[in-house]
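Written out below as structure tokens is the structure these notes cover.
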Amino acid sequence: MSKPKSKAKPTAGDAVRARKRKKLGFLAEMEYKKMILYPLVVFLVALILLAVNFPTLGIDLQGGVVVTAYGIDANPDELAKTLSAQLGVDVRVESFTSVDTSGIRVYAPVGTDPTEIIKILKHDYPNAEYTHSEVQPTFGKIAQQQGIRALVFAFLAMAVVVFLFFRNLVPSMTIIFSALSDMAIAVALMGLFGIELTTATIAALLMLIGYTVDSNILLTTKLLRRKDDTLDEAYLSAVSTGFTMSTTTLGALLVLWIISTSQTIDNIAIVLIFGLLADFMNTWVLNAGVLKWYLSNPARGGSE
Amino acid sequence: MKRRTRNLLLNWRIILLTLFLVGSVATLAFKPLTYGIDISGGVALVAQTEHPVDSDTMQLVVSSLQKRLNTLGLRDITVEAQGDQIVLIKVANVSTAEEANQIKSVIESQGVFYMEFTGTVFGTGEDVEYVGIYQIKSDNSWAVPFRISKAAAEKFAELAYGKKGWPVDMFLDPPVDSLMVVPDSVYRLMNSTDFNAEAPDAPTLMERVGKAFNVTVVAYANQSADEIAKLAEGKDKIVLVDVPQDLQTQLEGMNLTVRYVPRAPGESDHSLVVRVLGLYGPYSLGEGLTVGEPQQDVQITGTAPDRMTAEQEASTIYTVLKSGSLPVKLNVVGMEFISPRLGENFRTQALYAGLAALIAVLLIVYFHYRNWRIAVPIASTSLFEVVIILGFASLINWNLDLPSIAGIIAAIGTGVDQQIVITDELLSGEKTTRITRRASVLRRMGRAFFVIFASAATTIAAMSFLLVYFVGTLKGFAFTTILGVLIGILVTRPAYAEIAKYLLGED
């Protein structure tokens, strides 16, 4: 354990960091105009995707009935036919599998009696575990409004705090915009991959505000408060830290997504993964591009 | 080296972390965590009041709902008001879907309660101040004592003066302001003295509900939907009782509110009337109450052919009186049922998923730095953080549900990020003389903590809105996120910085 102090710093770490910086060097060499342009294009594409293919609302936001049966291995299409015929309403059946169990989810319109569905299912699958939930459209509406309000307020609160910390218009606005773009891209990807907008995924979007602002704050702080480093050096050091941060979080989320069978946790994990991927671009390309452009003006901290 | 180690162990940040850890472990050992319905199993219901109510009324709704569910013999009930219209009801240990649905119908059948005499409402649920335990005597007679408000007692004394034996009716959710279309036999029954207790000269039930609730009863004689709609003009709704059902479709087509009540197989006219009106009674007025003296402590009595029936009748009226103190009608707008066995699965799964995520963090951090002296402290600091959050949760009896777990994940995620910021700032120093290095460590730590405080502040600001203003499940999420972030910046992050400085030789 005991080492002379002058050699206390682990040299292995240095080598690794040097390698990582080399790998990420291409980011530092990018022209800031392109750095700003590409993410903006992606943002626009996300907006267009949102306009044509907004994620569907989950039953907790629009009302409906879901019965989940765990421990069933069934053909969803056949089951949907049988159930629709017996209940007299159109139902949708989805199957899911996970590490240790598989099952089906039955989605039925508002007003269907979930115990009826369970009764029919129990006839064929007496040993399955059943859960059900139902939401009235009125409450769905309340939840929707609250979800939207939550997102808007949380976003505004974040924006105010960012302003208070940096007291600098351009860097603050960039952080705020990149958080907005992260969320837009995450929601667009949800639509693309058929992930429903639910209370849980709204929670995930709220989480994104916290996660994505972290890396942006790191970058902005490093670039604005750098003392003796050059702009590129500060940027590379921020990128390497940010890369470690993002991959760690992504890895943890991926594990969570693979292991959990709870739909709530699965959806939260996947939405965060979307958002973090978007954030990687928005922080290290867009935000960095704007800051480089902003700081290259000698009046604001000088260029090299 | 020895002095360095001692200095580290005596550092107040490390001591604080140790204290929090020991406290949390002790709390968890003595006070196990309580889990939300979505993890432990049970039923969660969201009920909405008919219209927004003030906070006093909301409080009343919550307490009477609690009472009502308790009288059903259910345990582990939490009833919580959120905002001015939403009530959250959680009942643990509900094992079947049918049982869950029963609870739902109980909450929905929570009607508005009226006490009526000679066509005048003298009290509502708000006037029932207290309901005593019912008694059953050996002759199978029963009594339910209760207390009504002073205002109701005075009104009643005036109304009841000299009217011994007259009928006192109680209603739970009668069809107020409606047109009732009933079969001829039901019409005749309602217009007879059958519901008059022991007072043939008292107004008939039809007269009483007409006066008290603006209910107009008409006999069905093949009227067309148009004719019925005309009769119902100015009324709130139409109640069709045991008449052809196609009338309902036709009337609803005219944008009218219609309630259709079919006759149950073998149901008599009498019980049909009782059911449609939500009628309890009529109870015959005892002599003691007819002398004009207001009495707040009153009781309802009856006799039954056998003890079991007596018990049933008494408990029904007991429950109605209790639940009757609900001042506004509730609708169940959302419901979630999780079987307890499944809940247990979720819990072990959440545990495994959490541990696996932690191991993933450990491995990825190691992969980045190729140094266990960084990876192990980062992963264990996260583990400590979870333990402290859970300790806090058990201390304040927080119900750990899935959104709360998501919140913990969020806090841990940002926690790891912040530890990486600290580590990288520590590692990025140039190898220079001790003095300048110390100054540069301080400066770089200052920068790291600026980043940490800024990101913590944004998260807390964003989440506190959720915690204060919003209903539903996002509250749990916001709470654990904020708790985790606070513990992070106040306890674990400073301690980690010290440990990292020690391990990386930068102190």
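The values are calculated or read from the model by the stated rules, or taken from the named source; none is laboratory data. Only a predicted model underlies this, so the values are computations on that prediction, with no experimental measurement involved. In this analysis, Cβ positions are derived from the backbone assuming ideal geometry, glycine residues included, and neighbour counts consider all displayed protein chains. Protein only, heavy atoms only, side chains kept; ligands, DNA and RNA dropped before computing areas. Shrake-Rupley method; radii C 1.70, N 1.55, O 1.52, S 1.80 Å.
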Report the residue count in segment B:133-144 for those that are open to solvent by less than 30 Å² (accessible area, probe 1.4 Å) and within 34 Å of the chain's Cα centre (by Cα).
-> 3
All positions within segment B:294-304 that are at pLDDT below 85 and part of a loop (DSSP other than H, G, I, E, B) = B:Ala304
In segment A:214-252, which residues are among the small types (Gly, Ala, Ser) and over 30 Å from B:Ala356 (Cβ atoms)?
-> A:Ala234, A:Ser237
Working only within segment B:382-408, note down all residues that are out of contact with any Leu (no Cβ under 7 Å at 6 or more places or on another chain) and either modelled with pLDDT of 90 or more or open to solvent by 10 Å² or more (accessible area, probe 1.4 Å) (or both).
-> B:Glu385, B:Val386, B:Leu395, B:Ile396, B:Asn397, B:Trp398, B:Asn399, B:Asp401, B:Leu402, B:Ile405, B:Ile408
Would you point out the residue of segment A:245-262, among those that are part of a helix (DSSP H, G or I) and in contact (Cβ under 8 Å) with a residue 40 or more places away in the chain, that is most open to solvent (accessible area, probe 1.4 Å)?
-> A:Ile258
Residue check, A:Ile104 closer than 21 Å to B:Glu99 by Cα and touching a residue at least 24 places away in the same chain (Cβ under 8 Å) | no
Out of B:Val261, B:Val218, B:Val186, B:Val276, report the one residue that is more than 29 Å from B:Asp127 (Cα to Cα), assigned by the TED database to the domain that holds B:Thr120, crowded, with 19+ Cβ neighbours inside 10 Å and of a type outside the set (Lys, Arg).
-> B:Val186
Output the number of the condition that B:Val365 fails; it satisfies all remaining conditions of (1) of a type outside the set (Gly, Ala, Ser); (2) under 30 Å from B:Lys31 (Cα atoms); (3) crowded, with 17+ Cβ neighbours inside 10 Å.
-> (2)
Do we find a residue being out of contact with any strand residue (DSSP E or B) (no Cβ under 7 Å at 6 or more places or on another chain), open to solvent by less than 40 Å² (accessible area, probe 1.4 Å), in the same structural domain as A:Ser181 (by the TED database) and hydrophobic (A, V, I, L, M, F, W, C) anywhere in segment A:52-72?
-> no
When you look at A:Ile185, is it within 12 Å of chain B (Cβ to nearest Cβ), buried (at least 22 other Cβ atoms within 10 Å of the Cβ) and over 28 Å from B:Phe449 (Cα atoms), yes or no?
-> no
Evaluate the following for B:Ser428: is it open to solvent by 10 Å² or more (accessible area, probe 1.4 Å), facing another protein chain (nearest Cβ under 10 Å) and hydroxyl-bearing (Ser, Thr, Tyr)?
-> yes
Are any residues in segment B:287-308 open to solvent by less than 40 Å² (accessible area, probe 1.4 Å) and closer than 14 Å to B:Ser141 by Cβ, and if so, which ones?
-> B:Ile300, B:Gly302, B:Ala304
Of the residues in segment A:269-291 that are open to solvent by less than 10 Å² (accessible area, probe 1.4 Å) and farther than 30 Å from A:Asp232 by Cβ, the one that is farthest from the other protein chains (Cβ to nearest Cβ) is A:Val271
Note: among A:Tyr294, A:Tyr235, just one is in a helix (DSSP H, G or I), open to solvent by 10 Å² or more (accessible area, probe 1.4 Å), out of contact with any strand residue (DSSP E or B) (no Cβ under 6 Å at 6 or more places or on another chain) and hydroxyl-bearing (Ser, Thr, Tyr), namely A:Tyr294
Output for Cβ contacts, cut-off 9 Å, separation at least six or different chains, first residue part of a helix (DSSP H, G or I) in segment B:275-293, second among the polar types (S, T, N, Q), reads B:Gly288/B:Gln295; B:Leu289/B:Gln295
Conditions (1) loosely packed, with under 13 Cβ neighbours inside 10 Å; (2) in a strand (DSSP E or B); number of the one not met by A:Val93 = (1)
Kindly check whether there is at least one residue in segment B:49-70 that is farther than 28 Å from B:Leu342 by Cα, open to solvent by less than 30 Å² (accessible area, probe 1.4 Å) and within 14 Å of chain A (Cβ to nearest Cβ).
-> yes
Spot the failing condition for B:Ala375; the list is (1) more than 8 Å from chain A (Cβ to nearest Cβ); (2) open to solvent by 40 Å² or more (accessible area, probe 1.4 Å), and only one is missed.
-> (2)
With respect to B:Tyr130, determine if the residue is in contact (Cβ under 8 Å) with a residue 60 or more places away in the chain and open to solvent by 40 Å² or more (accessible area, probe 1.4 Å).
-> no
Here the residues within segment B:330-372 that are more than 30 Å from A:Ile118 (Cα to Cα) and more than 7 Å from every other protein chain (Cβ to nearest Cβ) are B:Gly354, B:Leu355, B:Leu358, B:Ile359, B:Leu362, B:Leu363, B:Tyr366, B:Phe367, B:Trp372
Using the structure shown, decide if B:Asp246 is on the phi < 0 side of the Ramachandran plot, modelled with pLDDT of 90 or more and either open to solvent by 10 Å² or more (accessible area, probe 1.4 Å) or among the charged types (D, E, K, R) (or both).
-> no
Would a scan of segment A:206-225 turn up a residue that is assigned to a loop (DSSP other than H, G, I, E, B), surrounded by fewer than 24 Cβ atoms within 10 Å (Cβ to Cβ), within 9 Å of chain B (Cβ to nearest Cβ) and free of Cβ contacts under 8 Å to residues at least 12 places away in the same chain?
-> yes
Hits in segment A:123-141 - residues which are open to solvent by less than 30 Å² (accessible area, probe 1.4 Å) and not in a loop (DSSP other than H, G, I, E, B) = A:Tyr130, A:Thr131, A:His132, A:Ser133, A:Glu134, A:Val135, A:Phe139, A:Gly140
